[in-house]
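Since every read-out is calculated from the coordinates, none of them should be taken as a lab result. No experiment lies behind these values; they were computed from the predicted model shown. Here the Cβ positions follow ideal geometry from the backbone for every residue, glycine too, while neighbour counts run over all protein chains shown.
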């Protein structure tokens, strides 16, 4: 079997392990819309008294924040599951002749595809539920896909430390929620602090796409920087798991 065939086989196996779980598929389809609606309705109840620093209405900002949260949290949990399933299993595959680069490519491609799928679902849900039409849906998708990819990689890193699904999932959901508070721009937090938030730039990209109908190109490079950093951390965490035989 060639290297390409082995990589494709790994991607198929990882994808099937996700698709065959009905609850996970339902969560993927329902959570973005539910999160967008809850965030939008909840924030829409706050009075517009100038306390919050937003470029859109509070309800619209809430729906955008809900979309970014759902994308990040879902992709993060999927990345976590990829890391947990890679313990020992991929070590055995490496022992059977699979090269490390093939295993890494299979796992990371699965995370990338899952992030893109979550981004599509969240973009469609946002376009349907937001009050005004999304002016630049492709730009909104790019922001959400970046958020998903960043947290998918973060899920791999968390999965290298926490080997249980429940604890890892709770950590990722809490991180995504707190991260979203910094990223949303609701409060007067120093920009030098908010720029450290992994979701700050994807959130800004989605916001500008929805509100102004443009692509926030100035946020693409910093977002890619966060993505590259977490990619390096994830590769290191994954490589350690393979070499150690799955022992955290």
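Using the average count of surrounding beta-carbon atoms within 10 Å as a protection proxy, the listed peptides 169-177, 216-224, 110-118 rank, highest first, as 110-118, 169-177, 216-224.
Sorted fewest first by neighbouring Cβ atoms within 10 angstrom, 151, 240, 39 come out as 240, 39, 151. Multiplying the residue separation of residue 128 and residue 212 by 0.36 nm and subtracting their alpha-carbon distance yields 28.5 nm. Between residue 34 and residue 239, full extension at 0.36 nm per residue minus the direct alpha carbon distance yields a gain of 70.2 nm.
Using 0.36 nm per residue and subtracting the Cα-Cα separation, the extra length available between residue 42 and residue 195 on full extension is 52.5 nm.
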